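Accompanying notes for the structure given below.
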Amino acid sequence: MGKLKTIARRTFLIGTAAIAGGVAFGYYAYKKPGENPLLPNLAEGESALTPYVKIDADGITLITPRADVGQGAYSMQAALIAEELDVELDQIRIDPGVPSATYYNTALASESAPFRSTDDGFLAQSTRGVMDSLIKFLGVQVTGGSSSVPDAYEKLRVAGAVARETLKLAASEKTGTPIEQLTTSNGFVVMPDGSKLSYIELAPLTSTIEPASEVKLRDPSQWRMIGNPMQRHDIVAKSTGTLIYGIDMVLEGMVHATVKSSPRKGLMRSFDATKAEKMRGVQKIIPITNGVGVIADNTWRAIQAANAIEFDWAEAPYPHQTDEHWATLEASFTDDHLDSQMRDDGNVTIGLAEGNLVEAEYRAPYLAHAPLEPLATLVKITEDRADIWTCTQVPGFLHSALVKLIGLPEEKVHLHMLYGGGSFGHRLESDSVIQAVELGLAMKGTPVKLTYSREEDMAQEYPRQIAMARARGSHKDGKVETLDLGIAMPSIISSQLGRQGLSVPGPDTQIVAGAWEQPYAIPNYRVSGYRSPELAPISSWRSVGASSNGFFHDCALDEIIHAAGADQLEERIRLIWHEHSRKTLEAVGEMSNWGSDPGPNRARGVAFCLSFGVPTAEVIEITNAEDGIKIDKVYVACEVGKIIDPVNFEGQVKGAVIWGLGHAMNCERTYSDGMTEQENFDSHQGMRLYQCPEIEVRGLENSDTVRGIGEPPVPPAAPALANAIFAATGKRIREMPFDKHIDFV
Amino acid sequence: MIKLSVNGQSHDVDVEDDMPLLWVLRDELGIKGPKYGCGIAQCGACTVQIGGVAVRSCQVAAGDVDGEVTTIEGLGSPQALSAVQAAWIEHQVAQCGYCQSGQIVNASAFLNENNNPTDEDIDNAMSGNLCRCGTYPRIREAIKTAAKTLRNS
Ligand code: FES
Ligand code: FES
């Protein structure tokens, strides 16, 4: 209930606006608290707005501005609106909207993470790094940092409620029936006598009345949809091969294109396309920034021709061999690289001197995002209009960049959002879209579809960070006494934003995310972040800094607990002071029957990580079989405040666990001569079906704050596996990928 | 000219003999269900059936196609779902969905051979199809549901 009051106090500023043939509800106007809460009758194009509900003669459309890259974001956003609007999901269309001045507002960024301005609590702080950096700099319309759910949870319900109440006002005005006597259901306002007025017929009336100013969100006990299994909007299309991704787009007269640019992320000195030009189907060879595009009548022909071009690429602007990258990290554990020390409890020096010492060093390699759909964008540019169809996690930011590049007024540049064939952070980068537009500009009037080959997609990756950690710890009287963890990596945020010409002052919290904010009351406890010099350009990869740090932190703890002779689960529980976190560990303990005999050649490992505000505990059971380690079962418990759709929730958690395990088992990205050595899925696979364990998921809903779940189950997966391998074999694996050190079945 | 029969329709296509079937389907015939993921037989996104056998269409040269080609579109449609597609919907397998055409086409061919598979049979049949989103647990469940439907029909 506390939640509802907060909303009333904060007073959402929402208006309606007439649009061609209908009305749009839920225009947000960002203003400082205290000012007039109503912004009636915003005209189209007025500033700082985000429409969520559009009703016209064709029907009801819900606008879902967060990108759907497989995580079900469109359906989740639609369900939140529909819950209050009283429409069913099969009655509505979903439209991701078009970013333009009308649809985003940087000032909204501070509101897009609701806890940020209102809650200075511990969990809010722990999520701040990502929010601050990405949202602030990339604009409000960002999909990332597991922020879609918390961002949408209140906002979209309010938008639905405002639209519903305004439609009731219109019905009341039209019929003279007092509004208190009206109800709504299934897209209709229902009169006391049971007769109905459809939203569609009422919509035009609403543009001339003041929208509802006081909306009260429904009590959760009245929810029809939230918390219940839903069918995802895209599920039939995705099960029949009929969903259109960027790579599938076709326009009349379209040509197919591919590009090659420097596999060393540097300059192109020269190229020779003599052979390529003569190949069948090739229409044009177009130099682009640091690379070359091939226009052809078929994607395969374009790729064949691009492979026939001879290039002279300049040297990589970073160390050429992976060994040198590691050496850079090894040399970064020094005072002058110290970036943050946000955790420094007790006295580590004394703790280490007095207890029994444990020391270890850990490594996590670069990794590719490699979503299964290679990057693809369709562009059509004419003298007075540009249309771009793609999937991006940063539509607002990208739109501004494209406007600049194309040189048309911003309302003439239309960025159409498509479903993405995966992302995992890949689509926070926009190079391929920019290249498509360069080709489109060179081919004005002709639609051009750019498709990356898998090899180009892998070569042009901005991978997950390379990272290293050094841990020292001590134990006394069977208890953990000290943990001193130093983590070295290049700054993800400054690499990402540096490419946009932006610099971020202050420490990069991602260097220590998933480590410094862990809710353990270890008497002497220090986490130091060391910012190494920039190496290969990197980017956010599903769970960002915590993807490596969760592994470092939990494995180090596991080593100290083992040395202390304590039980791995009990000692973690004893050390945790944060109740919601402790409950996740207790839950996996119960689910896995921790402490019981796992059976011959079998063992369990446990790990915990708090990331993106979500405490997540995992227990993994493995068999140490003849031909290697077999992962039998994974138990996951996480605290998310509220599960919006249990079906999608469970799918996301399992997918994240599989993501974490698969990459920890067998993936790395290495460099030789400045180029990646992993060019395709033969050398960067992740998990395959035969390796996939049974996964049991429990979502806890004890907290008041709603969280997204796309990332938090990733960080504990690798350490739980490493800890289980130690329990089964006595072998500590301190480096990912684990298959460098042990075989998997 | 190469003669092809795809989902019951015949086509004459003027392409190089060595153009992979995948690109003939996608770019020459406009059949977009089969997806490009790797081009080197590693991901299975491009899986189609030739004469009922699941093959990686990125590895089959157009000139070598020697039977009826069936893509996901030929198995069923939103209005007329195949048993396997219906099971995929019931279990809400798809996340990004990009691998799922290949998964479904592969599973359909496999279930036609064996409609009472063990877990091991499923592992063996389905491990060539990569899913980056990690939908494997639901792929297993959907295959079991579809197998049951097929056994009862
Ligand atoms: S595209 Fe054919 S197997 Fe990957
Ligand atoms: S559902 Fe995304 S790759 Fe399988």
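If the segment from A:Ala401 to A:Ile244 were pulled out straight at 0.36 nm per residue, it would be longer than the present Cα-Cα gap by 54.0 nm. The mean accessible area for residues of the protein assembly as shown, using a 1.4 Å probe and ignoring ligands and nucleic acids, is 34 Å² per residue. Built from the Cα atoms of region A:183-274, the convex hull projects on average onto 15.9 nm², one quarter of its surface area. The DSSP beta bridges internal to chain A are antiparallel in roughly 75% of cases.
With the largest listed first and rounded to whole Å, the semi-axes of the equivalent ellipsoid of chain B from the Cα gyration tensor are 26, 16, 14. On full extension, the segment bounded by A:Asp739 and A:Asp297 gains 154.8 nm, given 0.36 nm per residue less the C-alpha separation. Per the accessible-area calculation with a 1.4 Å probe, the total area buried between chain A and chain B rounds to 4700 Å². Element breakdown for the protein assembly as shown at a 1.4 angstrom probe: carbon and sulfur atoms account for 47% of the accessible area. In terms of its alpha-carbon gyration tensor, region A:354-412 comes out prolate; a/c meets the 1.5 threshold, and the first ratio a/b outweighs b/c.
Karplus-based coupling profile of region A:408-419, in residue order and whole Hz: 9, x, 5, 6, 9, 10, 10, 9, 9, 8, 10, 4, with θ = phi - 60° in 6.51 cos²θ - 1.76 cosθ + 1.60 and x standing for Gly or Pro. For region B:83-151, a crude dipole built from +1 on the beta carbon of Lys and Arg and -1 on the beta carbon of Asp and Glu, taken about the Cα centre, is about 200 debye to the nearest 20.
Each pair of Cα atoms in region A:626-745 enters the Kirkwood radius, and Stokes-Einstein at 37 °C and 0.692 mPa s then converts it into a translational diffusion coefficient of 209 µm²/s. Since only A:Gln77, B:Ile72, A:Val697 are under comparison, the one whose Cα sits farthest along the positive direction of the charge dipole of the protein assembly as shown, derived from C-beta charges on Lys, Arg, Asp and Glu, is A:Gln77. Note on A:Trp389: accessible area approximately 40 square angstrom, rounded to 10, probe 1.4 Å, nucleic acids and ligands left out.
Cα gyration tensor of region A:240-326, axes a ≥ b ≥ c as square roots of the eigenvalues: rounded (a/c below 1.5), prolate (a/b > b/c) or oblate? Since a/c reaches 1.5 but b/c is at least a/b, the shape of region A:240-326 is classed as oblate.
The distance linking region A:351-394 with region A:699-745 is 20 Å (Cα centroid to Cα centroid, whole angstrom).
Dipole check for region B:2-74: with +1 at the C-beta of Lys and Arg, -1 at the C-beta of Asp and Glu, and the Cα centre as origin, the magnitude is about 420 Debye. For the Cα trace of region A:403-553, dividing Rg by the Kirkwood Rh returns an Rg/Rh value of 1.14. Remark: chain A carries a charge dipole of roughly 860 debye about the Cα centre, counting +1 on each Lys and Arg Cβ and -1 on each Asp and Glu Cβ. Once a ≥ b ≥ c are taken as the square roots of the eigenvalues of the Cα gyration tensor of region B:2-74, is the result rounded (a/c under 1.5), prolate (a/b larger than b/c) or oblate (a/b not larger than b/c)? Judged from the Cα gyration tensor, region B:2-74 comes out rounded (a/c under 1.5).
Look at where the Cα atoms of region A:571-623 and of region B:78-105 average out, and the two centres are 34 Å apart. Only one residue of B:Pro34, B:Val13, B:Cys96 has its Cα farthest out toward the positive end of the dipole of chain B, where Lys and Arg carry +1 and Asp and Glu -1 on Cβ, and that residue is B:Cys96. With each label modelled as a point 7 angstrom along the Cα→C-beta vector, the A:Asp193-B:Asn115 pair spans 5.7 nm.
Across region B:83-151, the convex hull enclosing all Cα atoms gives 69 Å³ per residue. Taken over chain A, the ratio of Cα radius of gyration to 2.2 N^0.38 Å equals 0.99.
Applying 1/(1 + (r/R0)^6) with R0 = 41 Å to the Cβ-Cβ distance of A:Val504 and A:Asp627 gives a FRET efficiency near 0.30. Figure legend: label point modelled 7 angstrom from the Cα of B:Ser127 along Cα→Cβ; residues of region A:643-679 with amide N under 16 Å from it are A:662, A:665-666. Ranking A:Asn347, A:Leu267, A:Gly407 by how far each Cα lies toward the positive end of the dipole of the protein assembly as shown (charges on Cβ) leaves A:Gly407 at the top.
Potential lengthening of the chain between A:Glu361 and A:Asn228 amounts to 43.4 nm, from the contour at 0.36 nm per residue minus the alpha-carbon distance.
The values are calculated or read from the model by the stated rules, or taken from the named source; none is laboratory data. On a predicted model such as this, the values are computed, not experimentally measured, just so you know. Cβ sites come from the backbone with ideal geometry, for glycine too, and all protein chains shown count toward neighbours. The area values use the complete protein model at the heavy-atom level, side chains included, leaving out ligands, DNA and RNA. Shrake-Rupley method; radii C 1.70, N 1.55, O 1.52, S 1.80 Å.
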